[in-house]
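Notes to accompany the following structure.
The values are calculated or read from the model by the stated rules, or taken from the named source; none is laboratory data. No experiment lies behind these values; they were computed from the predicted model shown. Every residue, glycine among them, receives a Cβ derived from its backbone with ideal geometry; neighbour counts consider all protein chains shown.
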Amino acid sequence: MKSILGIGNALTDILAILPDDTLLRQYHLPLGSMQHVDMETGDRIWESLKEVGVKYVPGGSAANTITCTSIFGMPSGYIGKIGNDELGQLFKSTMEQFGVKTTMLLSPKSSGRCMVFITGANAERTFADYMGAALDMGPEDLKEEYFRGYDYFHIEGYLVQNQDLIARAVQMAKAAGCLISIDMASYNVVESNDAFLHNLVDKYVDVVFANESESRAFTKCEKPEDGLRELSKMCSIAVVKAGKDGSWVRSGEEQHFIPAWPANPVDGTGAGDTYAAGFLYGLAQDLPLKTCGEIGSIIAAKVVEVVGTKIDIPRWREAKLEIRDLIDKCNG
Ligand SMILES: Nc1ncnc2c1ncn2[C@@H]1O[C@H](COP(=O)(O)OP(=O)(O)OP(=O)(O)O)[C@@H](O)[C@H]1O
Ligand SMILES: [Mg+2]
């Protein structure tokens, strides 16, 4: 089985259900808002939350994808940066529990976190992010040996806030002979790094994952299928995703529309990350383009059925059976 290395912002999602909005008021977090907080505030909130009882899940787009490829059975590695603290250790050990070989770089800053506070009868959500150590990863942190032996290298678009880091990473990955994939992350990431991303995709990237708004921002094409065509001129494989309306995959002149796999959706978080994992898992077995997209759709349909980004064991089992059927059919 081919192996995959991912790089991304190592962030832990912290979910806290609060009895009232006292804590929000204490930290000046308007109800329902999304705020960036500094290290001191981030650490103080975290200390107060520990008393309340919270749920932690290591997250970040590439980390989600890599966890998923590891569960699929691909040898999977991850590069990210954490602080010398409890949250960082938790991130590392959880990734390792899923079989991921981690290269966790250390920063003097505290580990990055996305805090979600749920309050009131309507379960209103208030967000506070502290990126901390994750944002501290730089090109000087990377070593050629980290890339050696891997077949695929996967980048999350959120990292392009540090263009020098990505530039060095793709050079090292190419030198190590990796196929390079990128998930475009978000349309505003694409808009604010337009020239850099075009150059990156044109020169280095083999597989591009974009949703409709990212494709529109990148290609300036209104229709996803037009965007797909434009994207595919710049790389070997282009994927444009449209949520419950499915996805398109294209390589050269070969193109397929993949309907979404049936699901009872409760929370869309992680759909894109797991789709990428399923697609790359298919590619790693040299399956046809259409089958790769179908595997992505099957696994993404499972993650939208759970709250958060971790698919439960029964759904993993179901997905693996459905994927095996698909591969059997494909092998005739
Ligand atoms: N409600 C749904 N039901 C079934 N499948 C879904 C649903 N939502 C998403 N998917 C599957 O997940 C794929 C990717 O979802 P989406 O287009 O939302 O990507 P994304 O915008 O990158 O997601 P994310 O918000 O996780 O970054 C879709 O192409 C589809 O196959
Ligand atoms: Mg996405």
Problem - Pair list, Cβ < 8 Å and 6+ apart or interchain, from segment 268-284 residues that are of a type in the set (A, V, I, L, M) and within 6 Å of ligand 1 (Cβ to nearest atom) to residues that are in a helix (DSSP H, G or I) and modelled with pLDDT of 95 or more - result: Ala271/Gly243; Ala271/Ala300; Ala271/Val303
Handout entry: Count - residues of segment 305-325 that are of a type in the set (A, V, I, L, M, F, W, C), modelled with pLDDT of 95 or more and within 14 Å of ligand 1 (Cβ to nearest atom)
Key = 3
Completion exercise
Result of the Cβ filter at 8 Å on segment 198-215, keeping first residues that are within 11 Å of Val239 (Cβ to Cβ) and in contact (Cβ under 8 Å) with a residue 12 or more places away in the chain and partners that are within 10 Å of ligand 1 (Cβ to nearest atom) and among the β-branched types (Val, Ile, Thr), at least 6 apart or interchain, is Val207/Val239; Val208/Val239; Phe209/Val239; Ala210/Val239; Ala210/Val240; Asn211/Val240; Ser215/Val240
Practice task
Kindly indicate which of Val201, Val240 is under 14 Å from Gly272 (Cβ atoms) and either surrounded by fewer than 23 Cβ atoms within 10 Å (Cβ to Cβ) or within 16 Å of ligand 2 (Cβ to nearest atom) (or both).
Solution key: Val240
Handout entry: Residue count for segment 174-197, restricted to those that are among the hydrophobic types (A, V, I, L, M, F, W, C), part of a helix (DSSP H, G or I) and away from ligand 1 (no atom under 16 Å from the Cβ)
Key = 3
Practice task
Pull up segment 174-189, narrow it to residues that are of a type outside the set (Ser, Thr, Tyr), surrounded by 19 or more Cβ atoms within 10 Å (Cβ to Cβ) and at pLDDT 95 or above, then point me to the one that is farthest from Val249 (Cα to Cα).
Solution key: Cys178
Problem - Meets criteria (touching a Ser or Thr at 6+ places or on another chain (Cβ under 8 Å) and under 29 Å from Ile299 (Cα atoms)) for Ile82 - result: yes
Problem - Test result for Asn9, in a loop (DSSP other than H, G, I, E, B) and crowded, with 21+ Cβ neighbours inside 10 Å - result: yes
Exercise for the section: Quick one: count up the residues across segment 198-213 that are farther than 22 Å from Ser76 by Cβ, in contact with a strand residue (DSSP E or B) (Cβ under 7 Å, 6 or more places away or on another chain) and within 13 Å of ligand 1 (Cβ to nearest atom). Expected result: 3
Exercise for the section: Return a yes/no flag: does segment 238-252 have any residue that is closer than 20 Å to Thr291 by Cβ, under 19 Å from the mean Cα position of the chain (by Cα) and hydroxyl-bearing (Ser, Thr, Tyr). Expected result: yes
Exercise for the section: Looking only at segment 259-282, count how many residues are away from ligand 2 (no atom under 14 Å from the Cβ), among the aliphatic types (A, V, I, L, M) and surrounded by 24 or more Cβ atoms within 10 Å (Cβ to Cβ). Expected result: 1
Completion exercise
Flagged pairs (Cβ under 6 angstrom, 6 or more apart or on separate chains; first in segment 306-332, touching a residue at least 12 places away in the same chain (Cβ under 8 Å) and closer than 26 Å to Gly59 by Cα; second of a type in the set (Lys, Arg) and in a helix (DSSP H, G or I)) are Ile311/Lys302; Arg315/Lys302; Ala319/Lys302
Practice task
Output the number of the condition that Asp328 fails; it satisfies all remaining conditions of (1) more than 29 Å from Ser192 (Cα to Cα); (2) modelled with pLDDT under 95; (3) within 16 Å of ligand 2 (Cβ to nearest atom).
Solution key: (3)
Problem - Test: residue in segment 156-167 that is within 16 Å of ligand 1 (Cβ to nearest atom) and over 19 Å from Ile66 (Cβ atoms) - result: no
